[in-house]
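These notes are about the structure you will find just below.
Here, each number is a calculation from the coordinates, and none is a lab measurement. Not measured: the values here are computed from a predicted model. Positions of Cβ are backbone-derived with ideal geometry, glycine not excepted, and every protein chain shown enters the neighbour counts.
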Amino acid sequence: MASDPAIAQVTMTLAALAATANTPRPSGEKLEQQTERIITGIDAQLSDASLATQGVWELAWLALSPANANMAYIARSTDGTNQFAVVARGTDADLTDIFEDLEVGIVVPFPESGSPKPIDVSLGAKKAFDRVVNAYSTAASPIANRKLVDALAIAVKAAPVSPPPTVYLTGHSLGGCIASMLALYLQAQPWPQGTQFGVMTFAAPTAGVQNFVDYFDSRSWFVDERQNNAYDLVPHAWADLDVTKDWYPSPGPQATDDVKSKIDKISKRTNGHTYVQPGTLCLMNPGYTLLDDNLVNKTTQDYLGQVAFQHANDTYLELVGAPVVPAGPAVEYVTPTFGAPGQEVTIYGSGFSPDSLVDFGPFACKDKEPVIDPSGTKITARAPIGIGVVHVRVTNTLGTSPAVAMGQFAYGGPAPVVVSKVGPRSGNVGTPVTVNGSGFADGATVHFGDQVSDSVKFVSTGQLIATAPDQPDVSQTVDITVTVGKATSPTSPSDEFTYTGR
């Protein structure tokens, strides 16, 4: 843990806020519109006294790079402590994309570090750094039309002389990787006497090789901590990814052969370069006491799901003892799940605010048309023009809801075939299993892995009861899928059934 838990709580909260509205609206929006959503969302959260930031920080500058690749912002304290934070978001992507985007097969010089000797970082990290330092703030930002270094200089020079300014560099995941590079770059600039810099990163993959780390570790930081969840895969990139093939300890999940193959392929992307982590390691969750209990089966989906959980902002906030940041909108399910343009559809979920907007795939509902229930759990909208099967998603200033299987709408029908829950989750051959979801029909076929159930009872379009068929291996975990006509339900951890014997 951090030498001062309060520092970790505040910086991790600031790092988590960088994910605000990080996904462009599915129906499309200009970069300026997304930037304004991000600013509005971060402003609202910084004023929230219930968070670790206690309502005593304000946004000073923010810039989103072209194509939404990277974002950074500057916050400053308002309680007289004369503190600043430079926060990097990094790439808006899933874990696989993070690994691909880093381009670790090539190392390039990093002259912006201020080092008198050449130091090297990965090509991908350098590209991300360049996008951050060259991005201009928009008119919506408090310090408008400036690059990061100029904006920080303006903010620091306008600050009181006493106490001396302190500047934190922070970020989560790839944002933490970028923060370690920004720390060297910014520290090398001229600043008022007494200005101090500190680095607090979370879940960060490393940016460079040994000469980068040697120079970073030789610098003077008022705090220098690399906060890593012991069971987060991402910080092991690219120093020692192979150790993650032996995860996770009991109760699991253990890596499948498919997972081990993926990790092998990812590890080889370094092209022989030896990457090293900078800074002082502070290890969290060493006993694997914080985990998602629903993702423990030995399947590729559970392993990757647990990786995502261990890497998540909310997990890191819990590990440092900070309140979680407000959640963005989340769609749970829609009804009806099929119809024509103009069909009234009710969207159920959470985090729906009065300013929420609704999209059916790439098409937007009319802004004045959705009716948001005051409870924040229901929206009524009319399906716009569209074709095929689309995901219904909700966008507000905090973000855009992720696509979920039960949130699909089929233009013209039939209803999408989805399995949302099975029970019991384990049992012997012959166990009756209740399968819940949507789009079911009398005569549906139910598979347990590759084997077909020979007893399926149709209860409703949302429920079937199927008997677990025999398997060659009666100790494995399998996906339960439903086929209606030519449509088969997609697989997910929610449809898993574990055999316990015959």
Nearest 0.05, what FRET efficiency do ASP217 and ASP292 give at R0 = 35 Å with Cβ-Cβ as r? 0.50
State which entries of LYS421/LYS486; LYS127/LYS157; LYS30/LYS486; LYS30/LYS268; LYS127/LYS147 exceed 27 angstrom in Cα-Cα distance in the structure shown. LYS127/LYS157; LYS30/LYS486; LYS30/LYS268
Taking 1 over the mean of 1/r across every pair of different Cα atoms in the stretch 367-438, what Kirkwood radius in Å do you get? 15.1 Å
Of the options PHE222, ALA49, LEU62, report the single residue whose Cα projects farthest towards the positive end of the charge dipole of the chain (beta-carbon charges: Lys, Arg +1; Asp, Glu -1). LEU62
First select every other residue whose beta carbon is under 12 angstrom from the beta carbon of THR280; then total the charges, Lys and Arg +1, Asp and Glu -1. -2
Run the numbers on the chain and let me know its relative contact order in percent, using alpha-carbon pairs under 8 Å that are six or more apart. 12 percent
Please rank THR397, THR280, fewest neighbouring Cβ atoms within 10 Å first, as an exposure proxy. THR280, THR397
Using only alpha carbon pairs under 8 Å that are at least six residues apart, calculate the relative contact order of the stretch 418-499 and give it in whole percent. 37 percent
Normalised alpha carbon radius of gyration of the stretch 280-362 [divisor 2.2 N^0.38 Å]: 1.55
To the nearest 10 degrees, how steeply does helix 257-267 sit against the main Cα axis of the chain, on a 0 to 90 scale? 20 degrees
Tilt relative to the chain, helix 174-187 - C-alpha long axis, 0 to 90 degrees, to 10: 10 degrees
Would you compute, from DSSP H runs of 4+ residues alone, the mean residue ellipticity of the chain at 222 nm, taking -39500 (n - 2.57) per run and dividing by the full residue count, rounded to the nearest 500? -7000 deg cm²/dmol
Gyration tensor (alpha-carbon) shape descriptor, the stretch 320-451, a/c threshold 1.5: oblate
Of the residues GLY439, GLY427, VAL474, the Cα lying farthest along the dipole of the stretch 418-499 towards its positive end, which is defined by charges on the beta carbon of Lys, Arg, Asp and Glu, belongs to GLY439
For the chain, build the charge dipole from Cβ charges (+1 Lys, Arg; -1 Asp, Glu) around the Cα centre, then report which of ALA15, TRP247, ILE385 sits farthest towards its positive end. ILE385
Within-9-Å neighbourhood charge of VAL422 [Cβ basis; K, R +1; D, E -1]: 0
Determine the percent antiparallel among the DSSP beta bridges restricted to the stretch 330-411, to the nearest 5. 90 percent
With viscosity set to 1.306 mPa s and temperature to 10 °C, compute the Stokes-Einstein D of the chain, Rh being the Kirkwood radius across alpha carbon pairs; µm²/s, no decimals. 65 µm²/s
How would you classify the stretch 1-143 from its alpha-carbon gyration tensor, with a ≥ b ≥ c the square roots of the eigenvalues: rounded for a/c under 1.5, else prolate if a/b is greater than b/c, otherwise oblate? oblate
Return the inverse of the average 1/r over all pairs of distinct C-alpha atoms in the stretch 172-307, which is the Kirkwood hydrodynamic radius, in Å to one decimal. 16.3 Å
Measure nothing fancy, just the Cα-based angle from helix 5-17's long axis to the longest principal axis of the chain, in degrees from 0 to 90, nearest 10. 60 degrees
Computed over all unlike Cα pairs, the Kirkwood hydrodynamic radius of the stretch 418-499 in Å stands at 12.1 Å
